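See structure below.
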């Protein structure tokens, strides 16, 4: 049975992600980490890797799934939402923050390969970022709400031009504003695509593709079931949360680059497109792709799903269309 294997959030667009156990749906369809539901947080990258070997696999049998019944889901309705008031923790949204230059253009991996040299870790509970600048002896810690000017100054020094730090707590800064829901990929897809390139690991590819939701217990490219040749949305559920799969995600220059060094492989996209077409499942129409340099699925969520909780282990099913 397909299940939710990973949830990855990217508090600052184009910087490192963080792996969480639960996430709450915003009205826009984007995700947030809500401190009212505390779960383990892991930085994305080498320190975030699961143990290898038998212990790395999800247990099978009755204990492998999230328990069903009254205790299986977070409470829905008023009790499912984050408490309001001065005592409430502020949630941290996916791509809630972004870096801009003085002309209002995004400072991201597409435009500035140098951004890959920044290493960042987030404390979602305290809303702080620990930022490692190349050449510095130790990380610098900034509060995302209270120390933005200091963070802007540090980033401006790094990029060698003036930057500003902007926030959108409702929608965030998605790559596709028309489909701002979580992007979906499967673990098997990452493993398969990584095998096309000598020395490339699934974890490194995960960092390059930057999907939010990862599906386990499925074959490679299973997520291609979540869009259609005609462009009609495909309804599916992750736990109690309903999604609409829309179309495959066209990729930019970012996946061609080493996520730590920013060095690009000039043949990456060409190899990718060739292999993607060659390994396309028989039930996927080639006309569904504007380019075969596409991976993962963009989604939208109905407004009715706002406030619902995603949790690692949730079962995933495609609904009757």
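In region 30-43, the residue that is modelled with the lowest pLDDT out of those that are buried (at least 23 other Cβ atoms within 10 Å of the Cβ) and in a loop (DSSP other than H, G, I, E, B) is 34. Restricted to region 240-254, and to residues there that are touching a strand residue (DSSP E or B) at 6+ places or on another chain (Cβ under 8 Å) and in a loop (DSSP other than H, G, I, E, B), the residue that is farthest from residue 175 (Cα to Cα) is 240. Of everything in region 209-229 that is touching a strand residue (DSSP E or B) at 6+ places or on another chain (Cβ under 9 Å) and farther than 19 Å from residue 314 by Cβ, the residue that is surrounded by the fewest Cβ atoms within 10 Å (Cβ to Cβ) is 219. Of the residues making up region 124-141, those that are surrounded by 16 or more Cβ atoms within 10 Å (Cβ to Cβ), free of Cβ contacts under 8 Å to residues at least 40 places away in the same chain and in a strand (DSSP E or B) are 128, 131, 132. Evaluating residue 159 against the criteria (1) closer than 30 Å to residue 105 by Cα; (2) under 17 Å from the mean Cα position of the chain (by Cα) leaves one unmet condition, (2).
Could you please let me know if residue 69 is assigned to a loop (DSSP other than H, G, I, E, B), within 25 Å of residue 313 (Cβ to Cβ) and modelled with pLDDT under 95? Against the criterion (assigned to a loop (DSSP other than H, G, I, E, B), within 25 Å of residue 313 (Cβ to Cβ) and modelled with pLDDT under 95), residue 69 qualifies. Within region 186-199, residues that are more than 19 Å from residue 5 (Cβ to Cβ) sit with their Cβ atoms under 8 Å from residues that are modelled with pLDDT of 95 or more and part of a loop (DSSP other than H, G, I, E, B), at 6+ positions apart or across chains, in these pairs: 197/265.
Could you go through region 264-272 and let me know if any residue there is in contact with a strand residue (DSSP E or B) (Cβ under 7 Å, 6 or more places away or on another chain), at pLDDT 95 or above and assigned to a loop (DSSP other than H, G, I, E, B). No - not one qualifying residue is present in region 264-272. Evaluate region 85-94: report whether one residue or more is touching a strand residue (DSSP E or B) at 6+ places or on another chain (Cβ under 9 Å), at pLDDT 95 or above and not in a loop (DSSP other than H, G, I, E, B). So far as region 85-94 goes, no, none of its residues is touching a strand residue (DSSP E or B) at 6+ places or on another chain (Cβ under 9 Å), at pLDDT 95 or above and not in a loop (DSSP other than H, G, I, E, B). For region 200-229, how many residues meet the condition of being under 19 Å from residue 255 (Cα atoms), outside any helix (DSSP H, G or I) and without any contact (Cβ under 8 Å) to a residue 40 or more places away in the chain? Qualifying residue count for the region: 2.
Among the residues making up region 166-188, those that are surrounded by 17 or more Cβ atoms within 10 Å (Cβ to Cβ) and touching a strand residue (DSSP E or B) at 6+ places or on another chain (Cβ under 7 Å) are 172, 173, 179, 181, 182, 183, 184, 185, 186, 187.
If you go through region 230-239 and keep only what is in contact with a strand residue (DSSP E or B) (Cβ under 8 Å, 6 or more places away or on another chain) and either over 25 Å from residue 178 (Cα atoms) or free of Cβ contacts under 8 Å to residues at least 12 places away in the same chain (or both), you end up with nothing. Scanning region 265-286 for residues that are farther than 15 Å from residue 194 by Cα and surrounded by 16 or more Cβ atoms within 10 Å (Cβ to Cβ) yields 280, 284.
The values are calculated or read from the model by the stated rules, or taken from the named source; none is laboratory data. The structure presented is a predicted model; accordingly, all values stated were derived computationally and were not measured. Cβ sites come from the backbone with ideal geometry, for glycine too, and all protein chains shown count toward neighbours.
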